[in-house]
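Written out below as structure tokens is the structure these notes cover.
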Amino acid sequence: MLDLPLLFILVSSTLLVLAVLTSLIAFRIGAPLLLLFLGIGLLVGEDGVGLTFDNAPVAYFLGSVALAVILFDSGFNTRFETASRAAWPSLTLATVGVLLTTALVGVVVHYLAGLSWRASLLLGAIVSSTDAAAVFFLLRVGGISIRERVRATLEVESGSNDPMAVFLTATFVDMIIAGPEVGAPVLAFLQAFALQIGLGAAAGVAGGWLIATTINRLRLEPGLYPVIVLGLALLMFALISLMGGSGFLTVYIAGMMTGNLGRQGMPLLRKFQDGLTWLAQIGMFLILGLLATPSEFGKIWVQGIVVALFLMFIARPLAVWLCLLPYRFTREETAFISWVGLRGAVSIMLAILPMMAAIPAGQAFFNVAFIVVLTSMVLQGWTIRPVARKLGLVVPPEIGPVEKVELELPGQATHELVAYHIVKDSPVVTGERIPRWARPSLVVRDGHSMKPHEAGAPRVDDFVYIFTPPRYIRLLDRLFASAVALDDSDQIYFGDFALDGEARIADVAHEYGIALRGDPGDTTLAEFLTEKLGGEPHRGDRMTFGLVELIVRDIGDEDDIKTVGLSLTPAHTERRRLPMFHNLDEIVSGTRERFARRRMWRIAAKEQKPTMPDQTDGPADSSPTQTTAASPVSAPPVSAPPAPGISAAKPPAKPKAAARKAAPSGSAKRKPPSSAGKSAKPPGVKGK
Amino acid sequence: MDLSDLIRQDAIIPSLKANSKKQVIQEMAERAGTLLGMPSRDIFDHLLQRERLGSTGIGQGVAIPHAKLAKIDSLFGMFARLDKPIDFDAIDDEPVDIVFLLLAPESAGADHLKALARIARLMREPGMAQKLRASRDAAAIYAVLSLASEPNAA
């Protein structure tokens, strides 16, 4: 009898080791790691090696704990600034977006599969949330740097939409169990919702504060900090869930509070969380892989894939587009956000709920959800990087890799000790003057430690120890980073020339033919561009003005624009312009342009009238059909291209067939010869 | 790509001696003034004004100073290779030794920008700067600039 636990340990640890080792291969071939873990689970499971595991409640229990850990860590690593920057768009996505997706999928399932409304919506809810684990993982580990605002939105969305999906799924399960004779109790539904979210959020804030205070105040053995944090987080998760709140929301918010307010033991905590999250991810996906039995899927494969494709190509994009309408995202950004709607463990986990509740079609739900997740991971997970590149959302790296270790100092020191390994081509080696605050306290060279004045100028392979306030670390990184190898496409990305943010916009406009509305006075380029970008400029943000494009090249320490790139071939971006995902601004200005155009035509038509015999001016007003008779030839004012205007408006959404000739959209199709020639080179990042 | 429509062979200085960015611009403005038959002071001022918005050093030792002038009636290009590289506040902080100067009429608009884009693209072409550095005299440089984008350049 003693052998059973040992056997269990043997099997699970083997799986764990296997998963970690195969991750090496996954990095090589660029496969989504989580898919790999799921794959191992499947391989070892009933259909493969033959390990039988079909205990749904255990899987659900373990999955919940793992998800709680993952969500806590997601919050832990989300800076307040990031969260507040993306708060509104991501919260809209997490609430309205989830509801919309649920409804859309529900409708399709209802009509295609002929399930009852409740059952269809249940399936919709199961696959409605993006997976925090998968999204975080791909964005962080994927090693691509996406534009700040997009990344923040995706991260916060995926962290905060799980509670909504959990709530919806649970509600629909309850409704199905209650039976069709019980009407949908809207009031009770809303009450439960308010309790879930309200309690969850409030407890998250309070609990997070509690955790932060505990670790800041309590003097503990250093190794115990992570343990008490984990303990408190899970305690809160369980407690709030029992009280009817959303425990997942609680741990997410608590994690964010802890990560931002905590001071004591943070580096250790971060490492611990890192490892734990890996463990949770691997465990969760392995178990869910074990639980599924694809050979029993049978005909459901087809249906599952149809649902998955509908979700990926219609439901999610539509929901994302509607949710993001008011937030001035560019079309490319909206497209990317809808593509990164990865489904993951959460959906599979939620699909266990109907099984546990013994709903008739429970097993089928689980299978469909599993297929959806599999499809999404393969299709979306594998293509995130190329898609981001294609959409021009990958920001070339600012600095090269840095080799450093941050050491924690005892007591609540306001300084940190950072050790840098001096690498070739870093600015300090190539002769950059080292500012006073960056003078090392200690230099280790060839195994000998020496005082900085003994060591003299830093050499390659030195280790330098610098005692510095945390806020300087970012600047230090720049000094000690290896050189960035910007390839041709990166140079094109930032434009041909660099302009000083302090330059007057009036001068720039004169030089490059940018039409300004009104007199800009002494407005600087930085101020002008910041305003046009909605107040929050980020490195890599770009906007077209007339014939040139301005790109944010460098951001200063106070989030002000330092240098602006000027691209003379904005065709580079026009090539990418998508025909959909317009934001509200674009729609408004597009519609306005259309109306203006129509009015012009009417005027043009009216002006022609007097030359026609026996026609009075009176009725001409009320005969819109005349406008078509006026034909584009008679409307020269229409063809004046609106391009040189300041607005970032693109050609209107749906230009009238006749007007299309006049609109500049035709010329936008031109392929820039530059990128055509350059693309012979592989676009990959140079160096390591 | 062929820049021969932008530049004449007598507007190429194969070896310019200068110690500072300002001096380079001054020397080239003077030469341009002679060739165009107009006061070089005016050209110099406009070029300097443009530099105040941000250096025209586009990196890898290349700079493309440019300006719009009221008094000329067509695009005018000039090329200079410097004797020794000088600091130009370029994007990559590398000293500059290849300078392509472009003057455009006030009314040039899109043509001005297109010409600039062409020059910038050409200068970034792999091997281009090396070829220009390796050419000994004005005729050789002119040949490189006007035959630039033969298919084998890529």
For the range A:312-344 versus the range B:47-73, the gap between their alpha-carbon centres in whole angstrom: 42 Å
Rounded to whole Hz, the Karplus (6.51, -1.76, 1.60) HN-Hα couplings of the range B:31-37, x for glycine and proline: 4, 4, x, 4, 5, 8, x
For the range A:271-313: rounded, prolate or oblate by the Cα gyration tensor [a/c cutoff 1.5]: oblate
Stretch gain in nm, segment residue A:195-residue A:449, where the contour uses 0.36 nm per residue and the Cα spacing is subtracted: 85.4 nm
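Under 8 Å for C-alpha pairs, at least 6 residues apart: give me the relative contact order for the range B:21-105, rounded to a whole percent.
Working: 161 pairs, mean separation 25.7, N = 85.
Relative contact order of the range B:21-105: 30 percent.
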The range A:38-78: Rg to Rh, with Rh as the Kirkwood radius over Cα pairs: 1.17
The range A:404-480: relative contact order in percent, alpha carbon pairs under 8 Å with at least 6 residues between: 39 percent
For residue A:463, solvent-accessible area (1.4 Å; no DNA, RNA or ligand), Å²: 90 Å²
Pairs of alpha carbons in the range A:404-480 whose separation is greater than 15 Å (percent): 52 percent
Amide H within-cut-off set for residue A:561, under 5 Å, with H built and near neighbours excluded: A:556
Shielding by partners, peptide B:115-124 (average Cβ within 10 angstrom, other chains): 5
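Calculated from DSSP H runs of 4 or more alone, at -39500 (n - 2.57) each and per residue, what is the 222 nm mean residue ellipticity of chain B, nearest 500?
Numbers: 5 runs with 60 residues, N = 154.
Roughly -12000 deg cm²/dmol at 222 nm, from the helical runs in chain B.
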Cut-off under 5 Å, modelled amide H: who pairs with residue B:16 long-range: B:81, B:82, B:83
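Could you put A:169, B:34 in order of accessible surface area, largest first, with the 1.4 Å probe and the full protein assembly present? Walk me through the numbers before you get to the answer.
On the way: A:169 0, B:34 110 Å².
Output order, biggest surface exposure first: B:34, A:169.
If you take the accessible area of A alone plus B alone and subtract the pair, what total do you get in square angstrom, rounded to 100, with a 1.4 Å probe? Could the numbers behind the result be given before it?
Details: alone 33380 and 7550 Å², together 38890 Å².
Answer for the A-B pair: about 2000 Å² buried.
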Relative contact order (%) - chain B, alpha-carbon pairs under 8 angstrom, separation at least six: 29 percent
Accessible-area order (highest first, 1.4 angstrom probe) of the listed residues A:12, A:160: A:12, A:160
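Working with all protein chains in place, sort A:108, A:443 by solvent-accessible area computed with a 1.4 Å probe, largest first. Kindly include the intermediate steps, with their values, before the conclusion.
Working: A:108 30, A:443 5 Å².
Sorted by accessible area, descending: A:108, A:443.
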Under-5 Å amide H pairs with residue A:344, H placed in peptide plane, nonlocal only: A:131
For the range B:99-104, 3J(HN,Hα) per residue [Karplus equation, 6.51 cos²θ - 1.76 cosθ + 1.60, θ = phi - 60°, Hz, x = Gly/Pro]: 10, 10, 9, 10, 10, 9
Probe 1.4 Å, accessible area per residue of the range A:11-390, Å²: 39 Å²
Reachable aspartates and glutamates, given that their alpha-carbon falls under 18 Å from the alpha-carbon of residue A:390 and they are not under 8 places away in the same chain: A:148, A:332, A:333, A:487, A:488, A:490, A:541, A:574
Inter-chain Cβ neighbour average for residues B:62-68, partner chain, 10 Å: 1
Area accessible to solvent at residue B:17, 1.4 Å probe radius, in Å²: 140 Å²
Solvent-accessible surface (1.4 angstrom probe) belonging to residue B:131, in square angstrom, nearest 10: 90 Å²
Evaluated at q = 0.19 Å⁻¹: base-10 log I(q)/I(0), Debye formula over Cα of chain B: -1.22
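Averaging the inverse of every distinct alpha carbon separation and then flipping it gives the Kirkwood radius. What is it for the range A:11-390, in angstrom units?
On the way: mean 1/r = 0.0481 Å⁻¹.
After inverting the mean inverse Cα-Cα distance, the result is 20.8 Å.
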The range A:487-566: GluC sites (Glu not before Pro) falling in loop per DSSP and having at most 14 other Cβ within 10 Å: A:558
Rounded to whole Hz, the Karplus (6.51, -1.76, 1.60) HN-Hα couplings of the range A:329-343, x for glycine and proline: 7, 6, 4, 5, 5, 4, 4, 5, 4, 6, 6, 7, x, 5, 9
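First measure r as the distance between the Cβ atoms of residue A:228 and residue A:299, then evaluate 1/(1 + (r/R0)^6) with R0 = 56 Å and state the FRET efficiency to the nearest 0.05.
FRET efficiency, residue A:228 to residue A:299: 0.65.
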Carbon + sulfur, % of accessible area of the range A:11-390 - ligands and nucleic acids excluded, 1.4 Å: 72 percent
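Does the range A:11-76 classify as rounded, prolate or oblate by the C-alpha gyration tensor (a ≥ b ≥ c root eigenvalues; a/c under 1.5 gives rounded; else a/b over b/c gives prolate, otherwise oblate)? Walk me through the intermediate numbers first.
Numbers: a/c = 2.16, a/b = 1.03, b/c = 2.09.
The shape class here is oblate.
The values are calculated or read from the model by the stated rules, or taken from the named source; none is laboratory data. Just so you know, these numbers come straight off a predicted model, no measurement behind them. Cβ atoms come from the backbone with ideal geometry, glycine included; neighbour counts cover every protein chain shown. Note: areas computed on protein heavy atoms with side chains; ligands, DNA, RNA excluded. Shrake-Rupley method; radii C 1.70, N 1.55, O 1.52, S 1.80 Å.
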